[in-house]
Amino acid sequence: MNIQAFRRMATQTASTKRSALTGSTTTPLTNLKCLPLMPVDPEMRKRLDLNTPHVVYQTFLHGVTDIKRGDHLVINSVEYPIRSVAPWPWPPETFIHLVVEDLSN
């Protein structure tokens with residue numbers, strides 16, 4: 001995937017929040033463009049050892065580096081705890097793969 005294709009598909013706008021428990025004072029990230037949330041398949045849930053009764057989603061971002069497991073991804077005022085953050089190289093670009101948990105269900 002090239003960056004132009006990603007930008008066309010990245011129709012969701014998000015921001016992040018970091019828990020005060022982490023002891024960090026970083027400013028939340030805003031106006032992040034990401035792909036719409038997509039369900040995580042059972043194989044990935046098992047590989048990531050996500051034993052949760054909640055729905056788990058994934059998305060991809062580009063050009064973001066200061067996101068950590070335990071932060072929250074905020075989309076449309078809904079906060080999703082971030083369960084996994086991993087680089088997703090697609091030469092010549094590198095994207096960030098996020099797995100989030102939907103606690104509203």
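Observations, loosely collected:
- Taken residue by residue, segment 31-48 has at least one member that is under 20 Å from Thr94 (Cα atoms) and touching a residue at least 60 places away in the same chain (Cβ under 8 Å).
- Test set (1) surrounded by 13 or more Cβ atoms within 10 Å (Cβ to Cβ); (2) modelled with pLDDT under 85 - Thr16 fails condition number: (2)
- Remark: Phe6 matches the filter, which requires a residue to be in a helix (DSSP H, G or I), at pLDDT 80 or above, in contact with a strand residue (DSSP E or B) (Cβ under 6 Å, 6 or more places away or on another chain) and surrounded by 15 or more Cβ atoms within 10 Å (Cβ to Cβ).
- Qualifying residue in segment 39-51 (condition: at pLDDT 85 or above and in contact with a strand residue (DSSP E or B) (Cβ under 9 Å, 6 or more places away or on another chain)): yes
- Whichever residue in segment 53-74 is touching a strand residue (DSSP E or B) at 6+ places or on another chain (Cβ under 6 Å) and hydroxyl-bearing (Ser, Thr, Tyr) and, among such residues, is farthest from Pro36 (Cα to Cα): Tyr57
- Flag if Arg69 is within 12 Å of the chain's Cα centre (by Cα), modelled with pLDDT of 85 or more and part of a loop (DSSP other than H, G, I, E, B): yes
- Residue list for segment 82-105, restricted to those being crowded, with 18+ Cβ neighbours inside 10 Å and more than 19 Å from Lys33 (Cβ to Cβ): Arg83, Ser84, Glu101
The values are calculated or read from the model by the stated rules, or taken from the named source; none is laboratory data. Note that the coordinates shown come from a computational prediction; the quantities given were computed from them, not determined experimentally. Neighbour counts are summed over all protein chains in view; Cβ atoms, including those assigned to glycine, are modelled from backbone coordinates with ideal geometry.
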